[in-house]
Amino acid sequence: MGTGELAVCLGGISRQRVSQLVRRAGFPAPIACLNQGKVWDAEEVEAWASIHRPRQDADAPSRMAPSE
């Protein structure tokens, strides 16, 4: 997966944020560097995301929700 797919996989983050995350220690190394950019293994990225970026529960209140 490329940076566009990473952005979707990691919760719809920006490509700029993807660029920051892929430079972090511990993020999976790219499996190839092509003319169009780097490519990561989807399973490795999903495993990393399950530990470092857990999904919010649908029932959990949004961080942006106003207080009641």
Extension gain from residue 50 to residue 8, taking 0.36 nm per residue of separation minus the Cα-Cα distance: 13.7 nm
Lys and Arg at +1, Asp and Glu at -1: add these up for the other residues within a Cβ distance under 14 Å of residue 22 and post the number. +3
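None of the figures in this text is laboratory data; all of them are computed from the coordinates on show. All values derive from a computational prediction rather than experimental measurement. Quick reminder, even Gly has a Cβ in these numbers, built from the backbone with ideal geometry, and neighbours come from all protein chains shown.
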